[in-house]
C-alpha cells in the first residue's frame, strides 16, 4: 500500500468548500471520485492540509491518500486530471512515508487575500478579488498588520470561538503590498483558526479605508473579543498559496 501526496489547484467559486457534504459540490468529493476512477479502488479517503471554505481558492492545497495502485506518479497526474472538471487540477504527485499526514505534518501555511481597490471593478477579477470602492492606504495597513506578527491568542479573529483547543497561533510573516490595481495581504502562520485570515483582512480593510487608526488593531488583538474586530472579508479574495512541511516545502 502506497501513501501518495498530491498538490492541487482549484477555483473555489463553484465549490461548497473542500470537505464532502451530501448534496453539495465539494473539492474532496470530486477529487476522490477522480482518483477512484483511475485506480479502480472502490473507496479512498483523502486527507488535506486544511479545509477551505466555500468560494475559497487554492494554488497549493496538499492531500495524501493510501492506494494499492502501481501506476507511476506522472501517469497518475495525467490520468486524474483527465477525470477532473476544469476548475480543479493536480499539480504534482509523489510517494511519501506511510506515516505522512498532509494535515498533521504541516508546520506552516501561507494564504493570500486579494483586494481590487480600483475605482471601477475589474470584471475579470470579480471571482478572485474583493472589490473595495475606496483606494486603500497600504502603508497604514502594513503598520497595523505588524501588531499581529508573533505568537498571540487570536480569538478576536476567530468566528464562533472556541473551535479548537487553543486559539494561540504564531504568525511569522504578514505583508500588505500594492500590485498594480490590487492590494495583496499575505500571511504565513503555524496554523489558522476558522475565518482567521478573512477576519484579519476585514480588520486591515477598516484601517486602509481610514475608518480605524493603526493602533486599533493592537487593541482588538489584546481584547480577545471577536465583536471588536472587523467584518469577515468575502471568500472570493482568499487563496491557499502553499503548505510547508518539516522536510519538504510543497
- Item | Computed Rg/Rh of the stretch 2-96, alpha carbon atoms with Kirkwood Rh | 0.93
- Once the piece of chain linking residue 98 and residue 246 is laid out straight, how much longer is it, given 0.36 nm per residue of separation minus the C-alpha distance between them? 51.7 nm
- Task: Have a look at the DSSP beta bridges in the chain and tell me what percent are antiparallel, nearest 5.
- Result: 90 percent
- Task: Mind pulling the angle between the C-alpha long axis of helix 73-82 and the longest principal axis of the chain? Nearest 10 degrees, somewhere in 0 to 90.
- Result: 70 degrees
- Query: Evaluated at 4 °C with a viscosity of 1.567 mPa s, what Stokes-Einstein diffusion coefficient in µm²/s does the chain have when Rh comes from the Kirkwood expression over alpha-carbon pairs?
  - Reply: 68 µm²/s
- When a footprinting reagent is the concern and you count Cβ atoms within 10 Å, what order do 1, 224, 196 take, fewest first? 1, 224, 196
- Message: Given bins 5 angstrom wide, list per bin the percent of all Cα-Cα distances in the stretch 47-176, short to long.
- Response: 2, 7, 11, 16, 17, 15, 12, 10, 7, 2, 1
- Residue-averaged [θ]222 nm for the chain, counting only DSSP H segments that reach four residues, each worth -39500 (n - 2.57): -6500 deg cm²/dmol
- Please provide three numbers in whole Å: the alpha-carbon extents of the stretch 107-245 along the principal axes, with the largest listed first. 43, 34, 24
- Query: Which whole-number percentage describes the relative contact order of the chain, with Cα contacts under 8 Å and a sequence gap of 6 or more?
  - Reply: 24 percent
- Note on the structure: If one compares the long axis through the Cα atoms of helix 27-39 with the longest principal axis of the Cα atoms of the chain, the angle in degrees, nearest 10, works out at 20 degrees
- Query: In degrees, nearest 10, range 0 to 90: what is the angle between the Cα axis of helix 196-208 and the longest Cα principal axis of the chain?
  - Reply: 30 degrees
- Message: Across the stretch 181-250, what fraction of all alpha-carbon pairs, as a whole percent, falls in each successive 10 Å bin from zero upward?
- Response: 17, 47, 27, 9, 0
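Bear in mind these aren't lab numbers, they're just calculated from the coordinates by the rules spelled out. The structure displayed is predicted, hence computed values, not measured ones. Virtual Cβ from ideal backbone geometry, glycine too; neighbours counted across all protein chains shown.
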